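Scroll down for the structure; my scribbles are underneath it.
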Amino acid sequence: MNNNIFSKILIPVDGSPNSMKAINYAIDLADKYKSELLALHVLYSQSGFAFHKETVAGAITSSSLNDLNLDAKQEAEKWFEEINKRAEEKKVHIKTEVVFTVISIVEGILTYAEKENINLIIIGSKGKSGWKKLIVGSVASGISTYAHCPILIVK
């Protein structure tokens, strides 16, 4: 087991420029501290349909929701391929994972971080939400407010 201060680093990824920029920081720190690096993409379903395949609501069927989830997972896999290429250049091992949540993206990230005993979360300052006027996005803000470990927010 790695006993350094940042033995496990989490990088939430949503494909936004800031999230991809944060990847470089995460890889560099993982290389420097010989840390385990975990890249996470959280899929959020306010309705919980991602979990209840038998549910049908209006025009939304379980198969169309499964298609949306599959599309989102495939998009995340493309990001993870790019991340893996960057990590390989530094010889950093990275674990990638997609998880689902019905609570919120922030809660999904925080729950994962606690479950995995993460020592540092590195996150982009703004994601894909489109709130250009905010200095720190709502997800980064929520993570920095409630996380159990240090946070590095990358602009």
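The values are calculated or read from the model by the stated rules, or taken from the named source; none is laboratory data. Values in this document were obtained by computation on a predicted structure and should not be read as measured data. No Cβ is skipped: glycine too gets one built from the backbone with ideal geometry, and neighbour counts run over all protein chains shown. Side chains included, ligands, DNA and RNA excluded: accessible areas come from the protein's heavy atoms. Shrake-Rupley method; radii C 1.70, N 1.55, O 1.52, S 1.80 Å.
Amide H to amide H, which residues 5 or more places from residue 39 or on other chains are under 5 Å from it, using H placed in the peptide plane?
Residues meeting the amide H criterion: 11, 95, 96, 97.
Ordering 93, 41, 148 by how much accessible area each has at a 1.4 Å probe, largest first, what is the list?
Numbers: 93 135, 41 20, 148 90 Å².
Largest accessible area first, the list is 93, 148, 41.
So if each residue of separation counts as 0.36 nm, and I subtract the Cα-Cα distance between residue 75 and residue 91, what length gain in nm does that give? Write down the numbers at each step before the final one.
Working: separation 16, 0.36 × 16 = 5.76 nm, distance 2.41 nm.
Here the segment from residue 75 to residue 91 would lengthen by 3.4 nm.
What number comes out for the charge environment of residue 31, summing +1 per Lys or Arg and -1 per Asp or Glu over other residues with Cβ under 14 Å away? Spell out each step's value before the answer.
Working: positive: 32, 34, 86, 90, 91; negative: 28, 36, 88, 89.
Charge balance near residue 31 sits at +1.
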